[in-house]
Amino acid sequence: MSREVIHTDKAPAAVGAYSQGIVAQGKFVFVSGQLGLDPETKNLAEDVVEQTKRALLNMQAILEEAGTDLAHVVKVTILLHSIDDFAAVNAVYQTFFPENPPARAAFGGNDLPLGGLVEIECIAMIPEG
């Protein structure tokens, strides 16, 4: 099985023992959970709306480094510090996936790394050619 580690400076470096993303068999990319960290300052955005935007932008940068994009995402998992933030996160999410959104699960009540309010991971296809 071929496996390629993905790393980009356009998203924050891993804060633990994991890769930003992994391409498997040249067909799928698995993006690790992204917090709302600014890749330059390493600081969390100030609220759940801004953290969601930043996490999705980080995810997008990793996908692009792997040769794909948001249109090819097939599954997303969202971890929320508080399920009360679901509506706010969903509103931002819909701006990134306005049509035919991928399959998704969302879980609340989690303590997230670095005190984050939202963490988002995904699986995407890599287009042929």
| Nearest 10 degrees, 0 to 90: what angle lies between the long axis of helix 48-65 and the longest principal axis of the chain (Cα atoms)? | 10
| task | Count the net charge of all other residues whose Cβ sits under 14 Å from the Cβ of Gln51, scoring Lys and Arg as +1 and Asp and Glu as -1. | result | -3
| remark: So, over other residues within a Cβ distance under 10 Å of Ala61, counting Lys, Arg +1 and Asp, Glu -1, the net charge is -2
| Angle in degrees between helix 86-96 and the longest Cα principal axis of the chain, rounded to the nearest 10 | 40
| task | Kindly provide the trypsin sites (Lys or Arg not before Pro) of region 29-129 that DSSP labels as loop, not H, G, I, E or B, and whose Cβ sees at most 11 other Cβ atoms within 10 Å. | result | Lys42
| query | Which length gain, in nm to one decimal place, applies between Met1 and Ser82 when the Cα-Cα distance is subtracted from 0.36 nm times their residue separation? | reply | 25.4 nm
| Rounded to 5, the percent of DSSP beta bridges in region 3-125 classed as antiparallel | 80
| remark: Burial-style ranking of 63-71, 7-15, 91-99, average other-beta-carbon count within 10 Å with highest first, yields 63-71, 7-15, 91-99
| Positive-end residue of Ala88, Val73, Leu114, charge dipole of region 3-125 with Cβ unit charges | Val73
| request: Please count, across the chain, the pairs of lysine residues with Cα atoms under 19 Å apart that sit 8 or more places apart or on different chains. | output: 5
| field | Label assignment, P(r) over Cα pairs in 5 Å bins from 0, in percent derived from the structure, set (i) 2, 12, 23, 25, 20, 13, 5, 1, 0; (ii) 2, 9, 15, 16, 12, 9, 6, 4, 4, 4, 4, 4, 3, 3, 2, 2, 0, 0; (iii) 2, 9, 16, 19, 20, 17, 12, 4, 1, 0 | value | (i)
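A short reminder: the numbers here are calculations on the coordinates, not readings from a lab. These numbers were taken from a predicted model, which means no experiment stands behind them. Note that we place each Cβ from the backbone using ideal geometry, even for glycine, and neighbour counts take in every protein chain shown.
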